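Single-structure report; data block below.
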Amino acid sequence: MYRICPAAEIYQTQGKADEFSVVAVLPSHVEAEETVKKLKSSGIDLKNCSIVGKENPSGEHVIGYYTIGSRIAFWGKMGAFWGGLWGLLSASAFFLIPGIGPVVVGGTFVSAIVGALEGAVVVGGLSALGSAFYYIGVPTKTIVDYETAVKEDCFIVIVHGNSDDVAKAKLVLESSSQSEKSNAA
């Protein structure tokens, strides 16, 4: 797992005093999926959650993507993972980000990336993914760490909300990170 990133860190959304996000890096889709389940069982509204990961960390070729209603369907090795999460999260998208590669995003973080692509929050020298992280309050020096984690096939789980919501989510994300570390030992 990419270890430079903190276990779970809270950031204040740019220009919004009452909006925060907590961000955690997890080493695989299995840990990311388990963490989302823990968030849900702790009472966190999954409509305020996002997940970011490489489209195909296994290196196998994806069979295809298609839309059903407002959701993207994914055929391939990780189809069950993404399909299950997309049913729980508020949005889904696939982006080809130069320097990072194919990235799949589920949840409200999609709108931050779309805003960056449309030029609404473009920050000099950052990719669309980096600009979206900047928008949710991640300092520029940490953005590179998160982008590198995605490049290295880690998954990023983000919970958005008020200070109480993200503090509660941070406890869950930290416990997931700690259990992952103890399993690796």
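Readers should treat all values here as calculations from the given coordinates under stated rules, not as data from a laboratory. On a predicted model such as this, the values are computed, not experimentally measured, just so you know. Cβ: placed from backbone, ideal geometry, glycine included. Neighbour counts: every protein chain shown.
Tabulated data
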quantity: Protection proxy ranking of 160-167, 126-133 - average other beta-carbon atoms within 10 Å, highest first; calculated: 126-133, 160-167
quantity: Protection proxy ranking, peptides 20-26, 136-142, average beta carbon neighbours within 10 Å, highest first; calculated: 20-26, 136-142
quantity: Packing-based ranking, highest mean first, of 96-103, 149-156 given that Cβ atoms within 10 Å are counted; calculated: 149-156, 96-103
